[in-house]
Structures are given as structure tokens and as C-alpha cells.
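Right, one structure below, let's go through it.
The values are calculated or read from the model by the stated rules, or taken from the named source; none is laboratory data. Remember, it's a predicted structure, so these values are computed and weren't measured experimentally. Every residue, glycine as well, gets a Cβ built from its backbone with ideal geometry; the counts of neighbours run over all protein chains shown.
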Amino acid sequence: MHSTLLTAKTRAALDALAPLQNILEESEWLLHTDDPAVCDFTFGNPHDAPIPAFVDSLRRHVEPKDPWWYAYKMNEPGPRKVICESLRQWRGVPFEEKDIFLTSGAIAALNVVLNVILEQGDEVIFISPPWFQYEGMIILAGGVPVRVRADLATLDLDLNAVRGALTHRTRAIIVNSPHNPAG
């Protein structure tokens, strides 16, 4: 796409992805993508086939129950109830079903959250080395990405560095656990 058609924030988000794009298009990484002996952890994609019980469950639940089965789905009550109960037991926090919002995955969820909470110029702190999409997602949501280095000896959060990065414009801190490059 011709770059003059893109907004400045879209160009900035693409610039943030340029190092990864370079790896994907110009490095030896590309030579090994079809090698079954190589596990590619770039995107967190699965390397093994799903277990048969999972596939069977998908087959059972993919069958439409009514004409609107695949139309305009938002926060299905059944899964929300199960997730809510599970979180209550696991974390001991009194979640309610209305607290649970379903998306098609973590990337979609993070995009929704960033677009809901950020005003133009709000800052989002994230830990570096980061997951490759944080910076671009923050920019596209109108935010300002603020990198804070992890403690390089332990790869844990450097709480003093996070504290030092906080400003009156800080709206969120993204904590990935386990953190990159370990996670």
C-alpha cells in the first residue's frame, strides 16, 4: 500500500514492527519454517496437533443450533459463567459474569482494552525486551509506548525502573508473565 494513504500513527506502528518484518522476510529464519524438526516460537503458534478430545469437542460445538448461531456473537453466557466460576476458585476474587469479556484471543483482547482505555497521548509502560506487537498496538490505539528494561540478570520486573517511568499520562502497565525472552 502506498504510504501516503496511511495515517501517521499507522506508519509509526508499522515502523515499530520493522525489525520483526526484517527477520521474517530477510533472515535465515524463513529457510527453516517448513522444517518439522524446528519449533518456531516467533508467534507462539502450536507445534503439535491438538489432542483428539479437543477436536471432538470442537466438532460437537461447531454444529449450528439455530440460524443465528454464527451471527453477532458477543460474550456468550455459558462460557462466561464457566470462566467466572473458574477464576473465583483459582484467584479467590468475587468475579461476576459481567466482569468477563470474551474475544477471539489475546491479541484481540489487548487491542480492545487499549482502544477502550487510551485517550490520544496516554502512556502505556511495557517491559523490554517486549513481545513484538505491544508498541504498534499502543500507537494504533492513540497511546505513547514507554519501554522499561527488565532486570537483565533475572528478567524480572525492575520495579524501580517502572516507578521511574510513571507520569501523570500513564494509563496502563503491560506485564507479560513469563516475560520475554523467556515467555
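Descriptive notes on the structure:
- Residues located in segment 138-161, provided they are out of contact with any Leu (no Cβ under 6 Å at 6 or more places or on another chain) and either on the phi > 0 side of the Ramachandran plot or small (Gly, Ala, Ser) (or both): ALA150, ALA153, LEU155, ALA161
- Lone unmet requirement of (1) of a type in the set (Phe, Trp, Tyr); (2) more than 18 Å from ALA16 (Cα to Cα); (3) surrounded by 13 or more Cβ atoms within 10 Å (Cβ to Cβ) for PHE126: (2)
- Residue in segment 144-159 that is farther than 30 Å from LEU14 by Cβ and surrounded by 16 or more Cβ atoms within 10 Å (Cβ to Cβ) present: no
- Checking every residue in segment 32-51 against the condition of being in contact with a helix residue (DSSP H, G or I) (Cβ under 7 Å, 6 or more places away or on another chain), in contact (Cβ under 8 Å) with a residue 12 or more places away in the chain, within 30 Å of PRO145 (Cα to Cα) and of a type in the set (Val, Ile, Thr) gives zero matches.
- Qualifying residue in segment 31-39 (condition: touching a strand residue (DSSP E or B) at 6+ places or on another chain (Cβ under 8 Å), surrounded by 10 or more Cβ atoms within 10 Å (Cβ to Cβ) and assigned to a helix (DSSP H, G or I)): no
- Subset of segment 59-85 [in a helix (DSSP H, G or I) and over 29 Å from GLN133 (Cα atoms)]: ARG59, ARG60, HIS61, VAL62, PRO77, GLY78, LYS81, VAL82, GLU85
- Scanning segment 52-105 for residues that are under 24 Å from the mean Cα position of the chain (by Cα) and of a type in the set (S, T, N, Q), we see that the one that is nearest to VAL116 (Cα to Cα) is THR103.
- Restricting the search to helices (runs of 4 or more DSSP H) fully inside segment 86-183 and requiring at least 2 residues that are without any contact (Cβ under 8 Å) to a residue 12 or more places away in the chain gives 106-117, 159-165.
- Residue list for segment 112-141, restricted to those being out of contact with any helix residue (DSSP H, G or I) (no Cβ under 6 Å at 6 or more places or on another chain) and more than 20 Å from ARG169 (Cβ to Cβ): VAL112, PRO129, TRP131, GLN133
- Those residues of segment 40-54 which are at pLDDT 75 or above and either hydroxyl-bearing (Ser, Thr, Tyr) or closer than 21 Å to ALA106 by Cα (or both), in sequence order: ASP48, ALA49, PRO50, PHE54
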